Amino acid sequence: MPENPSFLTSRINEALGWARKYSIFQYPFVTACCGMEYMAAACSHYDIDRFGAGFPRFSPRQADVLFVVGTISHKMAPVLRKIYDQMAEPKWVIAFGVCTCTGGFYNNYATVMGIDTILPVDVYIPGCPPRPEIVLDGLMKLQDRIAEQHTSGERPAPETRPDDLEKEWMPAL
Amino acid sequence: MDAGALIAFVTKRVPEAVASSHAWRGDATLVLRREHLIETARVLRDDAALAMNLLVDLTAVDYSTHGESPVPAFFSSSGVSTRTDSSIPDENPWPGPPLGAHFAVVYHFFSTTLTHRLRLVVPLAAADEEVDTVSAIWPAANWLEREAWDMFGIRFNGHPDPRRILMYEEFEGPPLRKDYPVNARQPLIGPEN
């Protein structure tokens with residue numbers, strides 16, 4: 001019997017946010033050298049498990065944070081978009097390393113100049129590769145964002161898909 | 001065999017095939033004429049004194065813009081001393097296109113039993129970038145030649161599986177040629193950035 005409905009629902013939202021931020025199931029989409037620093041952050045010395053983010057889930061259906069780690073080429077980009085589309089809401093994306101943030105030092109025919117041209121990104125972790133402490137700092141920023149999205153009611157990962165992504169790029173199977 | 005002996009041996013075995021040769025810093029390099037490639041390749045693998053059973057690498061070079069911008073000497077900008085050992089004859093380290101050709105296919109061979117190495121360079125003219133496949137002799141050449149086809153557009157006659165290996169089907173143009181702009185992207189999804 002809630003006396004003040006908004007008080008109770010906001011407490012529930014805070015609790016949900018707290019629970020979600022400390023139980024992150026990450027999808028480590030590792031393609032390149034940043035994977036080494038991802039592994040370093042995940043292993044015992046820098047221990048990502050103490051943030052509750054220790055279990056990777058290599059299925060997009062079971063994951064809620066997509067860690068895009070390493071250079072994404074234009075050949076890989078449709079695959080990455082498909083993985084993102086297959087994840088269930090709520091979902092967040094971390095761009096790990098400068099290759100995913102802006103293309104890094106690769107300004108060539110093959111590299112996507114920043115994955116935010118094809119996916120909405122929540123946290124950018126720059127570095128080539130970023131040290132594990134920076135990774136953990138980015139993860140903590142993501143946790144803050146997860147918690148405040150639940151209290152403010154804002155839908156995570158707002159769809160900022162540009163219009164030309166709507167065209168048919170995958171052949172009908 | 002050391003570099004000089006290797007060059008002398010091969011030149012004696014297939015004299016009409018070798019256009020020129022040099023041994024710079026202990027690396028033997030032979031410039032071969034295209035039509036004698038298969039014959040020379042069989043000699044390299046089957047002759048007991050050569051026994052080149054490992055194709056280490058097969059790649060291509062596009063020489064079309066060679067000499068347009070000044071080529072610096074080795075490490076001259078890093079402050080490291082570039083004086084080499086005086087016992088090694090120092091020919092021009094960047095000899096430039098062999099026979100003035102547009103493309104060259106470069107093969108690196110190694111013998112695991114006799115532990116000597118050899119480099120073969122086959123120069124090709126601009127409109128005629130075709131060479132015979134050596135994948136019947138060294139099976140490793142199968143994928144290496146597919147990469148040279150995908151990246152440079154060089155056709156290999158008789159290749160059992162002539163298709164792309166690195167780039168996607170929709171990509172147009174061999175990207176590593178000098179006339180392909182290095183950052184011309186052809187995105188499958190997303191904006192052209």
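The values are calculated or read from the model by the stated rules, or taken from the named source; none is laboratory data. If you're wondering where the values come from, they're calculated on a predicted model, not measured in any experiment. Here Cβ is always computed from backbone atoms with ideal geometry, including for glycine, and neighbour counts include all displayed protein chains. Protein only, heavy atoms only, side chains kept; ligands, DNA and RNA dropped before computing areas. Shrake-Rupley method; radii C 1.70, N 1.55, O 1.52, S 1.80 Å.
Surface composition of the range A:31-154: carbon and sulfur make up 58 percent of the accessible area, probe 1.4 Å. Counting only lysines at least 8 places from A:Lys75 when in the same chain, those with an alpha carbon closer than 23 Å to its own are A:Lys167, B:Lys178. Sorted largest first, the spans of the alpha carbon positions of the range A:31-154 along the three principal axes are 41, 33, 25 Å.
Reducing the range B:1-71 and the range A:1-56 to their Cα centroids gives an inter-centroid distance of 59 Å.
Per-residue mean of foreign Cβ neighbours for B:163-172 is 2 (Cβ atoms of other chains, 10 Å radius). Charged side chains reduced to their Cβ positions (Lys and Arg at +1, Asp and Glu at -1) give the range A:31-154 a dipole of some 440 debye around its Cα centre. Cross-link partners of A:Lys91 among lysines, defined as those whose alpha carbon lies under 19 angstrom from its own and excluding same-chain residues fewer than eight positions apart: A:Lys21, A:Lys82, A:Lys141. Among B:12-19, B:35-42, A:107-114, sorting by the average number of other beta carbon atoms lying within 10 angstrom of each residue, highest first, gives A:107-114, B:35-42, B:12-19.
Close amide H partners of A:Phe55, meaning residues 5 or more places away or on another chain with modelled amide H under 5 Å apart, are A:Gln26. Take each residue in A:117-123, count the other chain C-beta atoms within 10 Å of its C-beta, and the mean is 2. Taking every C-alpha pair closer than 8 Å and separated by at least 6 residues, the mean separation divided by the residue count of the range A:31-154 gives a relative contact order of 26 percent. Shielding of peptide B:179-189 by partners, expressed as the average count of other chain Cβ atoms within 10 Å per residue Cβ, is 6.
Could you give the length gained on full extension between A:Cys43 and A:Phe105, defined as 0.36 nm per residue of separation minus the Cα-Cα distance, in nm? The A:Cys43-A:Phe105 span can extend by a further 19.6 nm.
Projecting the Cα atoms of A:Ser152, A:Tyr84, A:Ser44 onto the charge dipole of the range A:31-154, computed from C-beta unit charges around the Cα centre, puts A:Tyr84 farthest toward the positive end. Association of chains B and A removes close to 1500 square angstrom of accessible area from solvent, both sides included, for a probe radius of 1.4 Å.
Mind listing which chymotrypsin sites (Phe, Trp or Tyr not before Pro) in the range A:1-63 are in a DSSP loop and have 10 or fewer other Cβ atoms within 10 Å? Sparse-neighbourhood loop chymotrypsin sites (Phe, Trp or Tyr not before Pro): A:Phe58.
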